[in-house]
Every structure is written in structure tokens, then in C-alpha cells.
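Visitor: Before I ask anything, let me first share the structure, which is written out below as C-alpha cells.
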Amino acid sequence: MSILQSSILLLTAPIALLLTSFGASAQEADQQINWPMGAAVQTEVGQHIPAGASGVAYIDAPRVATLLQLRGVTGSGTVILKSDDSHDCLTIPIRFVAGDFGGEGISAKATTPIHLILQSPRVARALAAGDDVVSDMYRISAQLDDPEADIIIQTGLSKSHGFVLNPGSSIVADVFGATTSRIVCSEIRAQGS
């Protein structure tokens, strides 16, 4: 081996080692997020994550406003995600906005609670990472038995609504990240208690 080849090898070896460690770290992170599908979870306060789902989103007191044909819904709530063993859950506060062209007149009022089933591990990973979930980036369904859906609308919205789930309880969370907690699923308490 020539001196030039030896020099190049010695200079590139640390870079190759560094890149290899980054790849291994990324693979370890992917392996740690292993969302279960086989078990349903029932919490003490009646929240239910169905078998086959990665989690649920609850917006218990949304408000709806209409301006002629425009209709907007806003509120805050909680996302509950199953962990890899179905005994722990990750809870994340969320802000929620939705809209469509189903308005009639001008009004603002409280509306029915919104419950979403998060079927896809991809949705769960995005929320756990603090990323927004925008409905037009996923397959949305209003049919409870739709195996292809990423998110299933259980109550409170129609399929015509476009919506965003934004992790965090304030705009500060957009900068510093949402505050999450990992607890035993049966110990989840109702929001505000």
C-alpha cells in the first residue's frame, strides 16, 4: 500500500466510523418505537384504544364557528398512544383545528366531542415526535372497520373536514416541544382532574 493510499485511509476512517454510528443510532431509535396492534386498552375513566390501533385522540369541548359557508372547529385535548407492551401509555396534550364548507349563516357555539382512532403507527410516531398531523397527508375514514385508514373519525367530525393535530398545549410547545408523560394506561385520569 502506498503512502498516499495509507494517508487517505487514515483520513477517511474516522468519517466512516462516525457515519456508521449515526446509522446504528437511527436503527436503534426505529426499533424502540414498536407500536403494538394486538391488544385493546381500557382506562379507568372509560377511554378505549381498540385492538389494532396505535392510539386515540380526544377533543372533549370543541367550539364550532360558521361564517356563511365556512365552518371551523377548534379545541384542545389529549392523544393517548399505546407503548410497545400495551401496559404503558404516552399522553400528549394537543391543539386541534378543523374546517370545511358546511357552514350555514353566522354563529359560534360548543359542539359534540371529537374522538379519533389513530390506526397507523406512522401517525403515532409523528405525534410522539412532536410533529403536526395534517389530515390531507393521511388516509382518513369514517368507517370503523376500514383496515386501510390511518385515522378513523369515531365522533364529532365528518369526512369532509380537513384537520390538524398539533402536539402541545400552547405555542411555546412549537419551540420547546410538547410535554408528554408515560404512565400505566389504567392510571390515565380525565382531562383536568
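Visitor: Can you tell me which residue is farthest from the chain's Cα centre (by Cα) among those in the range 35-70 that are open to solvent by 70 Å² or more (accessible area, probe 1.4 Å) and at pLDDT 75 or above?
Guide: Ranking the qualifying residues of the range 35-70, first place goes to L68.
Visitor: For residues that are in contact with a Pro (Cβ under 8 Å, 6 or more places away or on another chain) and of a type outside the set (D, E, K, R), scanning just the range 120-158, find the one that is least open to solvent (accessible area, probe 1.4 Å).
Guide: Among those that are in contact with a Pro (Cβ under 8 Å, 6 or more places away or on another chain) and of a type outside the set (D, E, K, R), it is L127.
Visitor: Filter the range 97-112 down to the residues that are under 17 Å from T155 (Cβ atoms) and assigned to a loop (DSSP other than H, G, I, E, B), then identify the one that is farthest from the chain's Cα centre (by Cα).
Guide: If we take residues in the range 97-112 being under 17 Å from T155 (Cβ atoms) and assigned to a loop (DSSP other than H, G, I, E, B), then G102 is farthest from the chain's Cα centre (by Cα).
Visitor: Going through L90, L81 one at a time, which residue ends up being among the aliphatic types (A, V, I, L, M), modelled with pLDDT under 85 and in a strand (DSSP E or B)?
Guide: On inspection, the qualifying residue turns out to be L90.
Visitor: Of all residues in the range 71-84 being among the hydroxyl-bearing types (S, T, Y) and touching a residue at least 60 places away in the same chain (Cβ under 8 Å), which is most open to solvent (accessible area, probe 1.4 Å)?
Guide: S76
Visitor: Ok, one more. All but one of (1) buried (at least 19 other Cβ atoms within 10 Å of the Cβ); (2) over 20 Å from G52 (Cβ atoms); (3) over 10 Å from the mean Cα position of the chain (by Cα) hold for I94; state the number of the condition that does not hold.
Guide: (3)
The values are calculated or read from the model by the stated rules, or taken from the named source; none is laboratory data. Being a predicted model, the structure only gives us computed values, none of them experimental. Every residue, glycine among them, receives a Cβ derived from its backbone with ideal geometry; neighbour counts consider all protein chains shown. Surface accessibility is based on the protein's heavy atoms, side chains included, excluding ligands, DNA and RNA. Shrake-Rupley method; radii C 1.70, N 1.55, O 1.52, S 1.80 Å.
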